[in-house]
Amino acid sequence: MNRCAVIMFVRLPRVPSTRCAKCLLILMLAFARPSPADERVWAPLAKDGLRDPSGPAVRILQQPADALLPLSPDNAGNQVRWVHALKEGQINPRASLRKPLVSEKYDKDVLLNLNGGMPVVRFPHSIHNEWLDCSNCHDHLFKKQRGASKISMFLILQGEQCGVCHGAVAFPLTECARCHSVKRADALAELEREEAAKAAAPTPAPPPAPTNERPSAPRKEGKGK
Ligand code: HEC
Ligand code: HEC
Ligand code: HEC
């Protein structure tokens, strides 16, 4: 292999020869490994332990290797980075088999775990709503208010809350940093900006209460701030 040959000729520092050989071996292994995309292997349907090997599905369904190899690689779960596959247009899932479904739009990121020791969790509504309906989570898994549901890693690891899907049909719980993705200071700054924007935004005036008094002078339109 070319890359290994190159490493062989790199001048190594003067260390005892066994250590030197070990270094070389480690380097060679590190460089000789093909990229994860090339390494991906999926069990054929008849041997995946999920299907009856004598049933008709094994003959009718597409083999996972044929279906999944063209999609963005991942090193976890079923080895497809599904979020990328969707964004890149590699797949175009139907919302329903029959009638077209109109799903509600809601894109807010919710920051969770503000008080823990791990980095803050960014829960992206946008990504989830590409695959799911609000009713998949609200309100039986989570309340529609930040901080109102008692979310805990303990319950998640037991297959509740986020763990209903993550580790089952979505990326596994071993990928800590995909959820715990925001530095605490950045998260606090983001929330502060959010609060400031909320305070600055002109709140829609409540409808005037019915009154017999003469309306007061029209409010001057300020520069807003
Ligand atoms: C699917 C998303 C997800 C993944 C993956 C995940 N966590 Fe969490 N984790 C959460 C959420 C959500 C909370 C609770 C947030 C809250 O308290 O509001 C949490 C809370 C925690 C807490 C308790 C609070 C704290 O910060 O001390 C720890 C510890 C923790 N996670 C560690 C981990 C470790 C270690 C991993 C990887 C092995 C991991 N988590 C993977 C979503 C996730
Ligand atoms: C995959 C699960 C999931 C789906 C699907 C989902 N949500 Fe959420 N939603 C959450 C979580 C988790 C929270 C945070 C709850 C908490 O902190 O207690 C949340 C919070 C909210 C909040 C409160 C936000 C805030 O800042 O207080 C609203 C509003 C909301 N969701 C609306 C929706 C709507 C509308 C849909 C569908 C278009 C939807 N959600 C789909 C999981 C989901
Ligand atoms: C009802 C199922 C469901 C629940 C519950 C759920 N998720 Fe997800 N989540 C998904 C699916 C499906 C995807 C997209 C496929 C994938 O990435 O594996 C996803 C993707 C994500 C991503 C995007 C990762 C990326 O690649 O950008 C994050 C972050 C995430 N989830 C965090 C959470 C957290 C935190 C919770 C709990 C508060 C949660 N999810 C609860 C189904 C769910």
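The values are calculated or read from the model by the stated rules, or taken from the named source; none is laboratory data. Quantities reported herein were computed from a predicted structural model and do not represent experimental measurements. Please note: Cβ atoms are built from the backbone with ideal geometry, for glycine as well, and neighbour counts cover all protein chains shown.
Overview of results
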| item | result |
| --- | --- |
| Criterion (of a type outside the set (K, R), modelled with pLDDT of 95 or more, in contact with a His (Cβ under 9 Å, 6 or more places away or on another chain) and surrounded by 10 or more Cβ atoms within 10 Å (Cβ to Cβ)) met by exactly one of L71, L111 | L71 |
| Residue identified as within 16 Å of ligand 1 (Cβ to nearest atom) and of a type in the set (A, V, I, L, M, F, W, C) among W42, W131 | W131 |
| Some residue of segment 91-101 being under 18 Å from the mean Cα position of the chain (by Cα) and over 27 Å from S72 (Cα atoms) | no |
| Helices (runs of 4 or more DSSP H) contained in segment 60-155 and holding at least 3 residues within 13 Å of ligand 2 (Cβ to nearest atom) | 125-131 |
| Qualifying positions in segment 94-127 - touching a Leu at 6+ places or on another chain (Cβ under 9 Å), hydrophobic (A, V, I, L, M, F, W, C) and either in contact (Cβ under 8 Å) with a residue 12 or more places away in the chain or within 14 Å of ligand 1 (Cβ to nearest atom) (or both) | L111, L114, V120, V121, F123, I127 |
| Hey, R40 more than 20 Å from the chain's Cα centre (by Cα), exposed (fewer than 10 other Cβ atoms within 10 Å of the Cβ) and at pLDDT 80 or above or not | no |
| Answer from G89, G117 - the residue that is small (G, A, S), more than 12 Å from ligand 3 (Cβ to nearest atom) and closer than 27 Å to A189 by Cβ | G117 |
| Residue in segment 161-168 that is in the same structural domain as P64 (by TED's automatic domain parsing), at negative phi, part of a strand (DSSP E or B) and free of Cβ contacts under 8 Å to residues at least 24 places away in the same chain present | no |
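One line per residue, one yes/no per condition, for (1) in a helix (DSSP H, G or I); (2) at pLDDT 65 or above:
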| position | (1), (2) |
| --- | --- |
| D186 | yes, yes |
| E192 | yes, yes |
| E195 | yes, yes |
| T203 | no, yes |
| P206 | no, yes |
| P218 | no, no |
| G224 | no, no |
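Listed here are the residues, each with its yes/no results for (1) of a type outside the set (V, I, T); (2) more than 15 Å from V83 (Cα to Cα); (3) at pLDDT 95 or above.
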residue	(1), (2), (3)
K144	yes, yes, yes
M153	yes, yes, yes
I156	no, yes, yes
V169	no, no, no
A177	yes, yes, yes
H180	yes, yes, yes
